[in-house]
Amino acid sequence: MRDKILGSIFLALALFGIVGYFWLIFLSPQDVLFLGKTIRDWAVILPIVIIVFIFLFLVAWIGWALASTAPPLPITQGNSET
């Protein structure tokens, strides 16, 4: 039952986000400016900036993991008799 409630909440939030983003892109007033850009401009700029930052963060994380991980121990050839 808890999964259905959580799924319903996610569905409602996604639909709200879709409607809100549609309004920001197509129906927002063009005379409202914030830092010299319209609401429509910010609705395009912010998601792109967020996606680029997430991508660069993942690349930095992978680089850090590669740089800070110790190299594997060498495999030694033992004298195994089978």
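Compute the normalised compactness of segment 37-80: alpha-carbon radius of gyration over 2.2 N^0.38 Å, N being the residue count.
On the way: Rg = 21.7 Å, N = 44, 2.2 N^0.38 = 9.3 Å.
Normalised Rg, Cα atoms only: 2.34.
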Legend entry - Two-site FRET efficiency, Val49 against Met1, from Cβ-Cβ distance with R₀ of 41 Å, rounded to 0.05: 0.55
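How long is the gain from Leu13 to Val59 if the chain were fully straight, where each residue apart is worth 0.36 nm and the alpha carbon distance is subtracted? Please list the in-between numbers first.
Numbers: separation 46, 0.36 × 46 = 16.56 nm, distance 2.95 nm.
Gain in length upon complete extension: 13.6 nm.
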Inset, instruction - Keeping all protein chains in position, work out how much accessible area Ile54 exposes to a 1.4 Å probe, and write it in Å² to the nearest 10. - result: 100
Legend entry - Probe 1.4 Å, all protein chains present, accessible-area order of Phe26, Phe16, largest first: Phe16, Phe26
Inset, instruction - Apply the Karplus parameterisation 6.51 cos²θ - 1.76 cosθ + 1.60, with θ equal to phi minus 60°, to every residue of segment 18-33 and state each ³J(HN,Hα) to the nearest whole Hz, in sequence, with x for glycine and proline. - result: 5, 5, x, 5, 4, 5, 4, 7, 10, 10, 6, x, 8, 8, 8, 10
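With a 1.4 Å probe and all protein chains left in place, how much accessible area per residue does the chain have, in Å²?
Working: 7800 Å² over 82 residues.
Ligands and nucleic acids excluded, the result is 95 Å² per residue.
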Inset, instruction - Give the label of the value calculated from the structure for Rg/Rh (Cα atoms, Kirkwood Rh), choosing from (i) 1.29; (ii) 1.38; (iii) 1.02. - result: (ii)
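So for Trp42, Trp64, Trp23, what's the accessible-area order with a 1.4 Å probe, most first? Write down the numbers at each step before the final one.
Numbers: Trp42 65, Trp64 160, Trp23 110 Å².
Putting Trp42, Trp64, Trp23 in descending order of accessible area: Trp64, Trp23, Trp42.
The values are calculated or read from the model by the stated rules, or taken from the named source; none is laboratory data. Given the structure is predicted, the values throughout are model-derived calculations rather than measurements. FYI the Cβ positions are ideal-geometry reconstructions off the backbone, even for glycines, and counts take in every protein chain you see. When the accessible area is computed, the model is the full protein with side chains, heavy atoms only, and any ligands, DNA or RNA have been set aside. Shrake-Rupley method; radii C 1.70, N 1.55, O 1.52, S 1.80 Å.
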